[in-house]
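A short worksheet on the structure shown next.
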Amino acid sequence: MTVYIDFEPVGRRGQCPAGASLLDCARQLGVDLVNLCGGTGSCGRCKVQILAGQVSEPAANEAKLLNPQELATGYRLACRTIPLGDCKVRVPPESLTTPQRTQVEGIETPVSPEPPVTSFTVKLTVPSLDDLRADDERLLAALADQHVAAATIDLEAQRQISPQMREGDWSVRVAVREHEIVAVLPASRRPLGLAIDLGTTKIAGYLMDLETGRTLASRGMMNLQIAYGEDVIARLAFAKGSPTHAAQMQDLVVGALNEIAAELCAAVGAEPAASTSDIVEAVVVGNTAMHHLFLRLPVDQLAHAPYLPAVSSALNVKARDVGLRIAPGGYVHLLPNLAGYVGADHVAMLLATGMNHATGVVLALDIGTNTEVCLANHGRLTSLSCASGPAFEGAHIRHGMRAANGAIEHLRIVDNRVEIQTIGGAPPAGLCGSGILDALAQLYQHGVVDARGRMGDHPRVRGDGAGREFVLVTEGERLDVPLSPGGGNERSAITFTQGDVRELQLAKGAMRTGIQVLLEIHNLSAAHIDQVIIAGAFGTYIDVQSAIAIGMLPPLPLDRFRQVGNAAGMGAKLALISRSKRTEAQALAEQVGYVELAAIPGFSRTFAQAMYLGPDLFPNPA
Ligand code: FES
């Protein structure tokens, strides 16, 4: 038995199995609903509005995640709602994942390919009664004669040799890594590499031609582990609960990487079509927690002071040992970790931005749920990590949303009006990270919010005390949102609340504390900084002036700031195609001094000061 579901305004409709949730129906009909929790009913992001038709009664958690007005006007969580017959469903823009910006691009550092895996076409002599050598012996001898000597053959590669030789008319392509044959491919295939930036919130993947060093395709997706916590602390707590939990966390990531690899290969579309078995090497970078969860390393010691990684050295593991479906004999290379909260992604970022070659005083920040900061002071590098939280990803912000169509990305207060710019020019649906930052900066600069973060009076402010909110887009301005089927007015204004201000003060305070601590360690003031490099998806789109206005970034001339995009991903790519870059990464990890922020004397005082809004909060050192 089936039901007919009509999703509007996206215009997707069709028959779905009776008993399936609206989220499953949406998936089946190609409607990309946000489902941060993976459909477990805990994130509250898969909101839809039932315009017509009967559905199941609201589940208990829907009453918690939807307000009474929403429930009264037909809003439901798609993952908790079962259609009882044909239905017409409205999908609000903030519940759609696409088009969504998952920043994957970043600075490209030109580098000559010098891949750790090289491939050779080998022509073999045809066996005969006079030449009875076994297939492996025949291949090793021909490889040594024609190209390079190899000493060992991976067992999985060994299994491919005999059929490939015969199918390829005694010509094969062999991928060799440090004297080991890791893959045997048809002669027509080109060896590919996969670089992954495994972020706490997002994953970016890149497919590369190992011979030319060219990026063939890139793709970003959400990290589904988010269902088990927005930050690494929550995920570590879950993973150390039981081996099953740890396996679940690993499966989620490995599943996502396999999906990315398959989609990247499909996206290349060249002849011959790429296949995941052509990927002979992968590089994965992530923070230390992501690194450990991916490899299912113990995380207990990482979750407690003094927060020690189980492994800090660079690693080479067989892809099959972690379940990654590339060439079965291929390896995954993991760059070194610096410390419990500064991982291989930071090393990759330093590599891509050339911090090890920086002259003068250079500050580099990779802004994310955890923000890593490095100060290079005439060749001396010091790094730390600060828990900036997911506020700039739109989490914990009343009208926060991911960077999708309709997200307000920039805004300005002019007199009593608010001018907004949305992604894709679509009607406003909420605020993404850069819009959130602009909102706070504008409220502070217009005196609506004071330096302590208290929201005062303004014609657009309503409510009392902790419930105060500034109306960015009024109910009347949201004319794109249709009325409910019953004719009631369910349009809600887009506001920026007192609670949002507090969340951002914590986030910006954490970042500014990190910067200040590094400056003090080097006995420098902000004025000494010659250049500020801002990496990370959020950092790509922010208005630096807004970040300066609230005191998140030091007050320096704008020409000293450089927004470089996903530098960790770029570092992963460099490490994929260049052996010398891997060596450089190892040297960087040994060169960088690490500081545990919370252990710094006076940390609490600095943090309290950094929470104040406004530029230039910190005096120069005496
Ligand atoms: S997908 Fe998270 S609540 Fe529905």
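So here's what we get for this one:
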item: Residue count, the stretch 61-76 (criterion: in contact (Cβ under 8 Å) with a residue 40 or more places away in the chain and within 14 Å of the ligand (Cβ to nearest atom)); result: 3
item: Selection count, the stretch 80-92, where residues are within 10 Å of Val48 (Cα to Cα) and within 10 Å of the ligand (Cβ to nearest atom); result: 1
item: Residues satisfying the stated conditions in the stretch 491-509, i.e. open to solvent by less than 10 Å² (accessible area, probe 1.4 Å), small (Gly, Ala, Ser) and in contact (Cβ under 8 Å) with a residue 40 or more places away in the chain; result: Ala507, Gly509
item: Residues of the stretch 522-579 satisfying the condition of being aromatic (Phe, Trp, Tyr) and either in a helix (DSSP H, G or I) or open to solvent by less than 10 Å² (accessible area, probe 1.4 Å) (or both); result: Phe538, Tyr541
item: Top-ranked residue of the stretch 17-30 - restricted to ones that are open to solvent by 40 Å² or more (accessible area, probe 1.4 Å) and within 13 Å of the ligand (Cβ to nearest atom), ranked as farthest from Ala404 (Cα to Cα); result: Asp24
item: Residue tally, condition in contact with a helix residue (DSSP H, G or I) (Cβ under 7 Å, 6 or more places away or on another chain) and over 21 Å from Ile326 (Cα atoms), over the stretch 141-167; result: 1
item: Residue selected from the stretch 421-437 under the condition surrounded by fewer than 19 Cβ atoms within 10 Å (Cβ to Cβ) and in contact (Cβ under 8 Å) with a residue 24 or more places away in the chain, by the criterion farthest from Glu469 (Cα to Cα); result: Gly424
item: Subset of the stretch 45-76 [at pLDDT 90 or above, open to solvent by 60 Å² or more (accessible area, probe 1.4 Å) and either polar (S, T, N, Q) or touching a Ser or Thr at 6+ places or on another chain (Cβ under 9 Å) (or both)]; result: Gln54, Pro58, Ala72
item: Single residue of the stretch 516-574 satisfying the filter (free of Cβ contacts under 8 Å to residues at least 60 places away in the same chain and within 27 Å of Glu584 (Cβ to Cβ)) that is farthest from the chain's Cα centre (by Cα); result: Arg560
item: Residues within the stretch 401-420 that are in contact (Cβ under 8 Å) with a residue 40 or more places away in the chain and open to solvent by 30 Å² or more (accessible area, probe 1.4 Å), tallied; result: 5
item: Subset of the stretch 31-54 that is within 14 Å of the ligand (Cβ to nearest atom) and aliphatic (A, V, I, L, M) - its residue that is farthest from Met221 (Cα to Cα); result: Val48
item: One residue from Ala149, Ala144 being in a helix (DSSP H, G or I) and open to solvent by 40 Å² or more (accessible area, probe 1.4 Å); result: Ala144
item: Among (1) assigned to a strand (DSSP E or B); (2) under 18 Å from Cys386 (Cα atoms), the one test that Val285 misses; result: (2)
item: The stretch 152-186: number of residues that are charged (D, E, K, R), surrounded by 19 or more Cβ atoms within 10 Å (Cβ to Cβ) and under 12 Å from Leu124 (Cα atoms); result: 1
item: Ala339 surrounded by 24 or more Cβ atoms within 10 Å (Cβ to Cβ) and not hydroxyl-bearing (Ser, Thr, Tyr); result: no
item: The stretch 290-309 residues that are touching a residue at least 60 places away in the same chain (Cβ under 8 Å) and over 19 Å from Gly323 (Cα atoms), paired with ones that are open to solvent by 40 Å² or more (accessible area, probe 1.4 Å) and assigned to a loop (DSSP other than H, G, I, E, B) (beta carbon under 6 Å, 6 or more apart); result: Val299/Lys240; Asp300/Lys240
item: Residue match in the stretch 393-408 (condition: at positive phi and touching a Lys or Arg at 6+ places or on another chain (Cβ under 8 Å)); result: yes
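The values are calculated or read from the model by the stated rules, or taken from the named source; none is laboratory data. Owing to the predicted nature of the structure, the values given are computational and were not obtained by experimental measurement. Virtual Cβ from ideal backbone geometry, glycine too; neighbours counted across all protein chains shown. Side chains are part of the model used for accessible areas, which takes the heavy atoms of the whole protein and leaves out ligands, DNA and RNA. Shrake-Rupley method; radii C 1.70, N 1.55, O 1.52, S 1.80 Å.
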